[in-house]
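Reading through the structure tokens given below for one structure.
The values are calculated or read from the model by the stated rules, or taken from the named source; none is laboratory data. As the structure is a prediction and not an experimental result, all values here were calculated from the model. Here the Cβ positions follow ideal geometry from the backbone for every residue, glycine too, while neighbour counts run over all protein chains shown.
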Amino acid sequence: MLTNIFLFIGKNFQDLNQLNIYGYPNDIINFDDKDQISKVIYGHDHGDQILKSKAQSSQFSPSNNLHNTTGLYLIDSPIPQIIDGLNIYTSCINGKIIIGLVFDKDDNPYDYKDIFNELLFELLNVEKSCSFEDEIEIENFLITIFIDIRRFGDEQVERRPQIEYRYQESFIKVFLFGIDDVGKSSLVRRIKTGEFNDNYFMPTKKFSIDYVQAEEKGFLAFWDMPGQRTFRKKWLIGLQDSNIVIYMIDVANQRRFEESKKEFWKIINRYDLLGIPVLILANKIDLIQHSDEITEDQSEKLKNEINTYFEFDKIQNREWKLLFTSVKTKFNIEIVTKEIFDLI
Ligand SMILES: Nc1nc2c(ncn2[C@@H]2O[C@H](COP(=O)(O)OP(=O)(O)OP(=O)(O)O)[C@@H](O)[C@H]2O)c(=O)[nH]1
Ligand SMILES: [Mg+2]
């Protein structure tokens with residue numbers, strides 16, 4: 001799995017103090033460790049780039065410092081390296097930029113060769129989406145590559161046998177979010193394995209993607225987001241290209257309704273999700289309802305209360321539904337997948 005992406009940019013690679021360094025999502029390369037940085041650069045092709053960049057530095061004036069005469073970026077074929085235990089795959093752009101992917105130790109970088117090349121070419125020379133002139137552009141460029149390669153890894157490399165086997169079936173991306181401790185990961189686990197454990201307390205830290213075969217209807221990819229406050233910015237990474245959104249709340253924890261409501265509305269009207277159907281799961285109903293038998297009346301009353309509080313009635317231009325669930329007692333869990341297919 002791709003864990004990080006980084007980029008070094010400078011007029012030439014000789015002066016490490018003049019390099020600008022970017023990393024996403026973490027600064028996995030130690031920016032202060034010049035030794036590590038020069039290992040990455042030299043490791044790329046044994047210093048060849050550096051010699052080239054030295055030779056070329058006279059040809060590149062500051063105003064056209066990154067383009068060659070054709071206006072296209074020259075993108076080297078990527079090179080795998082192991083540096084300080086990191087499994088790194090670097091490419092070099094115009095002899096002035098090193099861009100590197102960091103994979104888990106046992107990944108094979110060559111699985112990513114084509115996508116890495118194609119993405120760089122596409123973004124730089126077709127869409128021309130990054131001129132490396134401002135920081136935000138560079139950051140967006142890195143995030144885009146990170147997401148696309150990560151997704152490629154999740155969908156094609158790690159899941160290859162499954163995907164090839166079922167490639168004709170529909171593939172539905174379910175973006176599952178909500179504040180921490182509401183039961184998102186428990187839901188995915190329940191649907192996938194049938195298991196539930198009260199003491200299974202494992203707050204999600206990275207988003208995790210789980211694939212579930214839903215009867216004959218198709219393949220669901222649950223993007224289970226971490227709910228803790230510090231990780232909520234990751235939601236923005238996960239929401240692209242979702243086919244349906246599931247928002248989960250913990251009905252028994254009213255003290256956090258306000259926070260939950262705020263987070264819901266912050267995300268739901270984002271451009272990427274416009275028009276995408278929403279399934280709201282009001283989970284842990286077992287904690288406020290002693291028996292599983294929730295009557296129609298009770299259910300309606302509770303629904304109204306929740307709708308009023310969260311202002312779900314203001315959801316516009318999309319299908320949506322509120323469903324009570326208990327991952328613990330399995331109440332309504334079996335119909336979650338049915339509702340997903342009904343809504344999309
Ligand atoms: N009583 C009850 N407990 C539940 C239910 N669903 C989940 N839990 C418990 O709630 C706790 C949190 O569940 P998680 O699935 O880890 O919550 P999460 O939303 O994934 O949390 P983050 O990953 O931190 O965002 C666990 O201890 C679960 O056992 C439910 O329906 N009823
Ligand atoms: Mg979780």
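Restricting attention to the stretch 222-274, the residues being touching a strand residue (DSSP E or B) at 6+ places or on another chain (Cβ under 8 Å), within 23 Å of residue 284 (Cβ to Cβ) and among the aliphatic types (A, V, I, L, M) number 9. Looking at the structure I just gave you, is residue 235 under 17 Å from the mean Cα position of the chain (by Cα), within 21 Å of residue 144 (Cβ to Cβ), within 13 Å of ligand 2 (Cβ to nearest atom) and outside any helix (DSSP H, G or I)? Answer is no for this residue.
Do you know which of the residues in the stretch 214-226 that are surrounded by 11 or more Cβ atoms within 10 Å (Cβ to Cβ) and not in a strand (DSSP E or B) is farthest from ligand 1 (Cβ to nearest atom)? Ranking the candidates gives 217 first.
What about residue 316, is it more than 16 Å from ligand 2 (Cβ to nearest atom) and closer than 29 Å to residue 217 by Cα? Yes. If the condition is being more than 9 Å from ligand 2 (Cβ to nearest atom) and among the aliphatic types (A, V, I, L, M), then the stretch 191-230 contributes 191, 209, 212, 214, 220, 221. Of everything in the stretch 76-97 that is among the hydrophobic types (A, V, I, L, M, F, W, C) and more than 20 Å from residue 150 (Cβ to Cβ), the residue that is surrounded by the fewest Cβ atoms within 10 Å (Cβ to Cβ) is 82.
Selection of the stretch 5-35 for residues being of a type in the set (S, T, N, Q) and surrounded by 15 or more Cβ atoms within 10 Å (Cβ to Cβ) yields 12, 14. Flag: residue 115 does not match the condition of being closer than 22 Å to residue 41 by Cβ and of a type in the set (A, V, I, L, M, F, W, C). Being among the aliphatic types (A, V, I, L, M) and more than 30 Å from residue 231 (Cβ to Cβ) is the requirement here; does residue 7 meet it? In short, no. If we scan the stretch 140-158, do we find a residue that is modelled with pLDDT under 90 and loosely packed, with under 14 Cβ neighbours inside 10 Å? Scanning the stretch 140-158, I find no residue that is modelled with pLDDT under 90 and loosely packed, with under 14 Cβ neighbours inside 10 Å, so the answer is no.
Residue count for the stretch 284-335, restricted to those that are assigned to a helix (DSSP H, G or I) and more than 19 Å from residue 181 (Cβ to Cβ): 17. Only one of 174, 188 is of a type outside the set (D, E, K, R), at pLDDT 70 or above and not in a helix (DSSP H, G or I). Can you tell me which? Unique residue meeting the criteria: 174. As for the stretch 284-305, it holds at least one residue that is within 16 Å of ligand 2 (Cβ to nearest atom) and at pLDDT 90 or above.
So that you can scan it fast, the table gives a plain yes or no per residue for (1) within 11 Å of ligand 1 (Cβ to nearest atom); (2) in contact (Cβ under 8 Å) with a residue 12 or more places away in the chain; (3) outside the structural domain of residue 336 (by TED's automatic domain parsing); (4) surrounded by 16 or more Cβ atoms within 10 Å (Cβ to Cβ):
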residue: 228; (1), (2), (3), (4): yes, yes, no, no
residue: 233; (1), (2), (3), (4): no, no, no, no
residue: 245; (1), (2), (3), (4): no, yes, no, yes
residue: 249; (1), (2), (3), (4): yes, yes, no, yes
residue: 270; (1), (2), (3), (4): no, yes, no, no
residue: 275; (1), (2), (3), (4): no, yes, no, no
residue: 278; (1), (2), (3), (4): no, yes, no, yes
residue: 290; (1), (2), (3), (4): no, no, no, no
residue: 295; (1), (2), (3), (4): no, no, no, no
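Evaluate the following for residue 87: is it at pLDDT 90 or above and over 22 Å from residue 130 (Cα atoms)? So residue 87 passes the test. Note on the stretch 174-213: residues that are surrounded by fewer than 18 Cβ atoms within 10 Å (Cβ to Cβ) and of a type in the set (A, V, I, L, M, F, W, C) amount to 4.
Taking the stretch 238-262 as the range and being in a loop (DSSP other than H, G, I, E, B) and within 22 Å of residue 143 (Cα to Cα) as the test, the residues that pass are 239, 240, 241, 242, 243.
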